[in-house]
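Asker: Quick one: the structure is below, questions incoming.
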Amino acid sequence: MIDELIYSAVAGYGLTSDEIEIEVPKHEGLGDLSTPVAMALAKKLKKAPRQIATELITHFDGVSAFKKVEVAGPGFINFWLNDDFLYSELKRLYDENKGYLRKNQGKGKRVQVEFVSANPTGPLHLGHGRGAALGNALSNLLQAAGYAVEREFYVNDAGKQIFNLGLSVYARYQSILGNDMEFPDDGYRGEYITELAEDIINKEGRTFLNSTFESVKDFFIDYSYKKMLNEIKEDLSAFGVNFDSWQSERELFQLQVVEQTIADLKSRDSLKEDAGALWFKASDFGDEKDRVIIKSDGQYTYFASDISYHHQKLKRGFQELINIWGADHHGYIPRMKAVIKAMGYAPDMLNVLLVQMVSLLRGGKPVSMSKRAGEFVTLKEVVNEIGSDIAKFIFLTRRADSHLSFDLEVVKKSSAENPVFYVQYAYARINSIFNKALQNGWQLQSFGNVNLSLLKLPEELRIIKKLLFYPLLFISAVRLREPHRITFYLQELCGLFHPYYNSVRVLVEEQQLASARLFLCSCIKLVIEECTNILGVSVPEERM
RNA sequence: GCCCCCUUAGCUCAGUAGGAUAGAGCACAGGAUUCCUAAUCCUGGUGCCAGAGGUUCGAAUCCUCUAGGGGGCACCA
């Protein structure tokens, strides 16, 4: 690999490869690759950066990969690659495929990615979809980088929200059957509550008409949340997002995990009693104040089971915990980190990625999304309307931590607003070239002695470099835990392919040249597949 | 009041382990199809990187303050 050549040259200066930045310069006149490492070393060595750079480049004398190595600007080292080197690397890319494209940064490290984890008190909304798309892509990305990834959905099937759900359905049930009762203030009001109530009427009739909620609550609660959870599973599955495990909150109580965690914290002297409640001394571990675990009425807070959930995650042996949360939970991070610290683990084992709000427009007008009021756009509706590929791609063309707004009408109507088509179309075109080639009697074995040095056009060399530099991009996407970088790369790659397709014919008369170009197309196809697999977006085999 | 995030072209957004002349798509205008898919391509220009200070060889990127937008500050979940 190219980066390794550079690493080895600088090795004598006591830098690890992590500290050596390699970048693709913004302008072509500045070389194919570049490193500012001499400038980084300047402080350390107390020497002028250009002087260091001038020394460094002597290491590249006679390295056949480089056509030219130059010191430029304040001390950049710019590299121009030999065409022959590009061709042989491209062959390696084709032969080794994923082995070439991926870098094993994880080395088997066990990472859990917990995402979505929506309360099963209603359907998934669009914001959940963003979390789902991100969690899914991030998991794929880390997996590709050699991490042992487990995807988990935490099911809040205990506590007050579930209770409210059951109560809401109960109230609706009663009122549909003519028993007028006041609807609970903090109840859920969506249409789906009525559907649940009607469901129960269809199955059980008027059985519960004169029962108090207390006497039938288990039935109403369990029926309702299980049904909602099922719908959530179906919606996610339709969205193309799957989990390895679903951790039930209830189970944590039943298996006494919560008690054990509290006992553990007690033994570490991290708890205190005050005003009849049990507190976690979060302020000892960097949080701004202490937090209640058991209320003075004896009830556990939500925080209690969350603590034990994370405790259990750590005990399960994960070396890194990634939580994808809505940005409205950001205030929760310090206390969770405090818990990790209190339990004797490094707080940076917990990595919380915040996903900002999604605001949805329809024809320029905002669509409101309040769950309680029952007016929200569900993930399902959006997926039905625009498809999961478009939805995912839009979510993944933004940084997680930036507010996102998109307009359903715009996204639907104007295909140009859907960059995913641009990518899919490139893929379909490549397939189409191959179909045509096969019809013409061309055979795959032709790659055996393909002569890549026929790929001399500037467009071709540009594409080859783009392909070969994918691993650099991959590394930084993994390091930063930012799948959206893959999305942008993909658009750039296709942005090179389409013009090429338009101006250069692949299946030319001259067999050797056609073969070389087909080879190039094959490599583009491999990389598109790799990227879209990570993003969780489909690519069409055939005509679009 | 305190805390977190955001502010980059008309719009939607990239670019931040400090690096060279800050990018893309859309929108707008004109053009391209005897030929592997026109959901494509080509040609047009746009920036007080919200503002002001600071740190240094170098700042959209780091620090401080200000303004605007969003979110959070429960013995709720």
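Asker: Scan the range A:21-43 for residues that are more than 8 Å from RNA strand B (Cβ to nearest atom) and either small (Gly, Ala, Ser) or touching a helix residue (DSSP H, G or I) at 6+ places or on another chain (Cβ under 8 Å) (or both) and report the count.
Answerer: Initial filter on the range A:21-43 (more than 8 Å from RNA strand B (Cβ to nearest atom)): A:22, A:24, A:28, A:32-33, A:37-38, A:41.
Right, trim to either small (Gly, Ala, Ser) or touching a helix residue (DSSP H, G or I) at 6+ places or on another chain (Cβ under 8 Å) (or both) and you get A:22, A:24, A:32-33, A:37-38, A:41.
Residues that pass the stated criteria total 7.
Asker: For the range A:499-516, give me each residue that is outside any loop (DSSP other than H, G, I, E, B) and either over 18 Å from A:Leu438 (Cβ atoms) or open to solvent by 20 Å² or more (accessible area, probe 1.4 Å) (or both). Walk me through how you get there before you give the answer.
Answerer: The first filter runs over the range A:499-516 and keeps only residues outside any loop (DSSP other than H, G, I, E, B), leaving A:499-503, A:511-516.
Once the filter is applied, which keeps residues that are outside any loop (DSSP other than H, G, I, E, B) and either over 18 Å from A:Leu438 (Cβ atoms) or open to solvent by 20 Å² or more (accessible area, probe 1.4 Å) (or both), the range A:499-516 yields A:Pro499, A:Tyr500, A:Tyr501, A:Asn502, A:Ser503, A:Gln511, A:Gln512, A:Leu513.
Asker: Okay, moving on. For A:Asp84, which of the numbered conditions (1) more than 14 Å from RNA strand B (Cβ to nearest atom); (2) in contact (Cβ under 8 Å) with a residue 60 or more places away in the chain; (3) not basic (Lys, Arg); (4) not in a helix (DSSP H, G or I) fails to hold?
Answerer: Failed condition: (4).
Asker: Related question: Hey, any hits in the range A:290-311 for a residue that's part of a helix (DSSP H, G or I) and free of Cβ contacts under 8 Å to residues at least 12 places away in the same chain? I'd like the intermediate steps shown before the answer.
Answerer: Kept after step one, since they are part of a helix (DSSP H, G or I), are these residues of the range A:290-311: A:302-311.
So of that shortlist, the ones also free of Cβ contacts under 8 Å to residues at least 12 places away in the same chain come out as none.
Checking the range A:290-311: not a single residue is part of a helix (DSSP H, G or I) and free of Cβ contacts under 8 Å to residues at least 12 places away in the same chain.
Asker: Another question, if that's okay. Give me the residue from the range A:158-187 that is touching a helix residue (DSSP H, G or I) at 6+ places or on another chain (Cβ under 7 Å) and open to solvent by less than 10 Å² (accessible area, probe 1.4 Å) and, out of that set, farthest from A:Gly298 (Cα to Cα).
Answerer: Only one residue fits best here, namely A:Tyr173.
Asker: If A:Asn242 satisfies every condition in (1) under 32 Å from the mean Cα position of the chain (by Cα); (2) under 18 Å from A:Gly122 (Cβ atoms); (3) open to solvent by 70 Å² or more (accessible area, probe 1.4 Å); (4) of a type outside the set (Gly, Ala, Ser) but one, which is the exception?
Answerer: Every condition holds for A:Asn242 apart from (2).
Asker: May I pose another question? Within the range A:95-109, can you find the residues that are assigned to a loop (DSSP other than H, G, I, E, B) and open to solvent by 60 Å² or more (accessible area, probe 1.4 Å)?
Answerer: To start, the set of residues in the range A:95-109 that are assigned to a loop (DSSP other than H, G, I, E, B) comprises A:97, A:102-109.
Selection gives A:Arg102, A:Asn104, A:Lys107, A:Lys109.
Asker: Considering only the range A:130-153, I want to know if a residue exists there that is of a type outside the set (S, T, N, Q), within 16 Å of RNA strand B (Cβ to nearest atom) and open to solvent by 40 Å² or more (accessible area, probe 1.4 Å).
Answerer: Within the range A:130-153, the subset of a type outside the set (S, T, N, Q) is A:130-135, A:137-138, A:141-142, A:144-153.
Filter again for within 16 Å of RNA strand B (Cβ to nearest atom), leaving A:130-131, A:133-134, A:137-138, A:141, A:145, A:153.
Filter once more, so that each one left must be open to solvent by 40 Å² or more (accessible area, probe 1.4 Å): none.
No, the conditions are met nowhere in the range A:130-153.
Asker: Right, another one. Residues in the range A:531-544 that are surrounded by fewer than 20 Cβ atoms within 10 Å (Cβ to Cβ) and of a type outside the set (Ser, Thr, Tyr): how many? Let's see the steps before the verdict.
Answerer: We begin by selecting, within the range A:531-544, every residue surrounded by fewer than 20 Cβ atoms within 10 Å (Cβ to Cβ); these are A:533, A:538, A:540-544.
Right, trim to of a type outside the set (Ser, Thr, Tyr) and you get A:533, A:540-544.
Count: 6.
Asker: If you check every pair at least six apart or on different chains, which have Cβ atoms under 6 Å apart with a residue in the range A:143-157 that is at negative phi first and a residue that is among the basic types (Lys, Arg) and open to solvent by 20 Å² or more (accessible area, probe 1.4 Å) second?
Answerer: Once the first residue is at negative phi and sits in the range A:143-157, its partners that are among the basic types (Lys, Arg) and open to solvent by 20 Å² or more (accessible area, probe 1.4 Å) give A:Ala144/A:Arg102; A:Tyr147/A:Lys109; A:Ala148/A:Arg110; A:Asp157/A:Arg250.
Asker: Is the range A:95-114 home to any residue that is among the acidic types (Asp, Glu) and under 30 Å from A:Ala158 (Cβ atoms)? Working first, answer last.
Answerer: In the first step, residues of the range A:95-114 are kept if they are among the acidic types (Asp, Glu); the result is A:95-96, A:114.
So of that shortlist, the ones also under 30 Å from A:Ala158 (Cβ atoms) come out as A:114.
Yes, the range A:95-114 contains a residue that is among the acidic types (Asp, Glu) and under 30 Å from A:Ala158 (Cβ atoms).
Asker: Condition first: out of contact with any helix residue (DSSP H, G or I) (no Cβ under 9 Å at 6 or more places or on another chain) and either open to solvent by less than 40 Å² (accessible area, probe 1.4 Å) or not assigned by TED's automatic domain parsing to the domain that holds A:Val377 (or both). Now tell me which residues in the range A:191-207 satisfy that.
Answerer: A:Gly205
Asker: Looking at (1) farther than 29 Å from A:Glu195 by Cβ; (2) open to solvent by less than 20 Å² (accessible area, probe 1.4 Å), which one does A:Leu236 not meet, given that it meets all the others?
Answerer: The number of the failed condition is (1).
Asker: Could you grab me the full set of residues in the range A:9-37 that are part of a helix (DSSP H, G or I) and either within 29 Å of the chain's Cα centre (by Cα) or at pLDDT below 75 (or both)?
Answerer: First pass over the range A:9-37, keeping only residues part of a helix (DSSP H, G or I): A:9-13, A:17-19, A:28-30, A:37.
If the condition is that a residue be part of a helix (DSSP H, G or I) and either within 29 Å of the chain's Cα centre (by Cα) or at pLDDT below 75 (or both), then A:Ala9, A:Val10, A:Ala11, A:Gly12, A:Tyr13, A:Ser17, A:Asp18, A:Glu19 are the ones that fit.
Asker: I'm trying to understand the selection: among the residues of the range A:245-299, which are touching an Asp or Glu at 6+ places or on another chain (Cβ under 6 Å), closer than 26 Å to A:Asp222 by Cα and within 12 Å of RNA strand B (Cβ to nearest atom)?
Answerer: Matches in the range A:245-299: A:Glu249, A:Arg250.
Asker: I want to confirm something. Restricting to the range A:38-81 and keeping residues that are closer than 22 Å to A:Tyr100 by Cβ and in a strand (DSSP E or B), which single residue is most open to solvent (accessible area, probe 1.4 Å)?
Answerer: The initial filter retains those residues of the range A:38-81 that are closer than 22 Å to A:Tyr100 by Cβ, namely A:63-67, A:79-81.
Filter once more, so that each one left must be in a strand (DSSP E or B): A:66-67, A:79-81.
Working: A:Phe66: 18, A:Lys67: 123, A:Phe79: 0, A:Trp80: 41, A:Leu81: 2 Å².
Within the range A:38-81, the match that is most open to solvent (accessible area, probe 1.4 Å) is A:Lys67.
Asker: Okay, moving on. Would you confirm, using the coordinates I've provided, whether A:Asn210 is open to solvent by 80 Å² or more (accessible area, probe 1.4 Å), closer than 30 Å to A:Leu177 by Cα and outside any helix (DSSP H, G or I)? Write out each step before concluding.
Answerer: Details: open to solvent by 80 Å² or more (accessible area, probe 1.4 Å): yes; closer than 30 Å to A:Leu177 by Cα: yes; outside any helix (DSSP H, G or I): yes.
Here the answer is yes, as A:Asn210 does meet what is asked.
Asker: In addition: Inside the range A:170-191, can you point out the residues that are aromatic (Phe, Trp, Tyr), within 17 Å of A:Thr212 (Cβ to Cβ) and assigned to a loop (DSSP other than H, G, I, E, B)?
Answerer: A:Phe183
Yes/no matrix, rows are residues, columns are (1) in contact with a helix residue (DSSP H, G or I) (Cβ under 7 Å, 6 or more places away or on another chain); (2) on the phi < 0 side of the Ramachandran plot; (3) in the same structural domain as A:Arg130 (by TED's automatic domain parsing); (4) in contact (Cβ under 8 Å) with a residue 60 or more places away in the chain:
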{"site": "A:Lys217", "(1), (2), (3), (4)": "yes, yes, yes, no"}
{"site": "A:Ile221", "(1), (2), (3), (4)": "yes, yes, yes, no"}
{"site": "A:Glu234", "(1), (2), (3), (4)": "no, yes, yes, no"}
{"site": "A:Ala238", "(1), (2), (3), (4)": "yes, yes, yes, yes"}
{"site": "A:Arg250", "(1), (2), (3), (4)": "no, yes, no, yes"}
{"site": "A:Val258", "(1), (2), (3), (4)": "yes, yes, no, no"}
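The values are calculated or read from the model by the stated rules, or taken from the named source; none is laboratory data. For clarity, every value in this text was computed on a predicted model and none was experimentally measured. No Cβ is skipped: glycine too gets one built from the backbone with ideal geometry, and neighbour counts run over all protein chains shown. Ligands, DNA and RNA are stripped out before the accessible areas are found, and what is left, the full protein with its side chains, is counted by its heavy atoms. Shrake-Rupley method; radii C 1.70, N 1.55, O 1.52, S 1.80 Å.
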